[in-house]
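No lab work stands behind these numbers, since they all come straight from the coordinates. Keep in mind it's a predicted model, so treat the numbers as computed, not measured. In this analysis, Cβ positions are derived from the backbone assuming ideal geometry, glycine residues included, and neighbour counts consider all displayed protein chains.
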Amino acid sequence: MRFGIPLEERIEPGNLGCQGCGGALSMRMVLKGLSDDTVAVIPACCWSIIDGPWPVHALQVPVFHTAFETAAIMATGIKAAKLQQGKDTTVMAWAGDGGTFDIGLQALSGAAERNEDIIYVCYDNEAYMNTGIQRSSSTPIGTWTTTTPDERPETRPKKNIMEIMAAHRIPYAATATPAYPDDLLAKVEIARDLRGTRFLHILSACPPGWKMGSGDAIAAMRAAVDSRVFPLYEVRDGLDVTITRWPEHEVDPEAYFAMQGRFRPLLDDPEELARVRRLIDRQWETLVARHREHHPEPAAG
């Protein structure tokens, strides 16, 4: 273990991920927090390509590739089969934002409502990157994609998937990013040791889709957290909110947007930019208020 991060690897050094892929790094870090007795369920997404074909696939755990909309229900079935075999195998559904926020939401909601004993991980790169950078309901306001071009950028706010999952009152839901690996690993370990539906929402930079250099991925993900665009927090039993990382050196949201070419339409529209900044402030204030409900500040004096 080095700096609190296990040295063991459960992903092969060669894979088909793009340079700077946050999704590939997220998988590497998450598997470090799980045991060898883990099965990964991967629907159609970038990772169904990154993993590659058997017998030379990238992961050192069994992988079940499944249809776009069925990650959660397939993981549920595999977990039930393992229990019948007398095995307490960790079953992890691993899907992108398209397979989570959109196409897979019904199966995910059903699994969460039943409190199925699975870990569901959404690696969120904020668009359908594998099929050509089309918008998803995770795509932020003012963003370029191939289906929301510069002339008609995304106009709707990003769907708040954490609020949706918390509304199911599942045991654990958390946001994370591989740019802060200690926070990510701590949450993976918490999820590993709980029972019921556990949900991890991991912001994962996509340099081609975000229109930035591959070497800027870590800096961009850190800036997303420190600008409060993507706060790091956890929710237990749908109600108890804890902010797990408070920005030490706050980054202006505009500086985060300027790191990525996809936000050019937003930066060129001062009125829309001001609206987005107000939305970020309001969401952060709401999150802080919910944190204070369970973690009040000590009285002065």
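The order of Thr131, Thr143, going from fewest to most other C-beta atoms within 10 Å of their C-beta, is Thr131, Thr143. Once C-alpha pairs closer than 8 Å and six or more residues apart are averaged by separation and normalised to the residue number of region 22-294, the relative contact order reads 17 percent.
How high is the relative contact order of region 63-146, in percent, with contacts defined as C-alpha pairs under 8 Å that are six or more residues apart?
Working: 119 pairs, mean separation 24.8, N = 84.
Relative contact order comes out at 30 percent.
The charge dipole of the chain, taken about its Cα centre with unit charges on the Cβ of Lys, Arg, Asp and Glu (plus for the first two, minus for the last two), comes to roughly 400 debye.
Using square roots of five times the C-alpha gyration tensor eigenvalues, list the equivalent-ellipsoid semi-axes of region 1-124 in whole Å, biggest first.
Values: eigenvalues 99, 64, 37 Å².
Values for region 1-124, descending: 22, 18, 14 Å.
Among Thr100, Thr286, rank each residue by its count of other Cβ atoms within 10 Å, from fewest to most, as a rough exposure measure.
Values: Thr100 32, Thr286 12.
Ranking Thr100, Thr286 by Cβ neighbours within 10 Å, fewest first, gives Thr286, Thr100.
Quick one: longest stretch of the chain between exposed loop GluC sites (Glu not before Pro), exposed meaning at most 15 other C-beta atoms within 10 Å and loop per DSSP? Before the final figure, lay out the partial values.
Values: sites that count: Glu8, Glu9, Glu151, Glu248, Glu250.
Longest gap between qualifying sites, sites excluded: 10-150.
For region 181-236, applying the loop criterion from DSSP together with a ceiling of 16 other beta carbons within 10 Å to the chymotrypsin sites (Phe, Trp or Tyr not before Pro) yields no site.
At a 10 Å Cβ-Cβ cut-off, how would you order Tyr123, Tyr256, fewest neighbours first? All intermediate terms of the calculation are to be shown ahead of the outcome.
On the way: Tyr123 30, Tyr256 23.
Ordered by Cβ neighbours within 10 Å, fewest first: Tyr256, Tyr123.
Over the residues of the chain, the helix contribution to mean residue ellipticity at 222 nm works out to -10500 deg cm²/dmol, using -39500 (n - 2.57) for each DSSP H run of at least 4. All C-alpha to C-alpha distances of region 22-294, sorted into 5 Å bins beginning at zero, yield P(r) values of 1, 6, 13, 18, 20, 17, 12, 8, 3, 1, 0, 0 percent in whole numbers.
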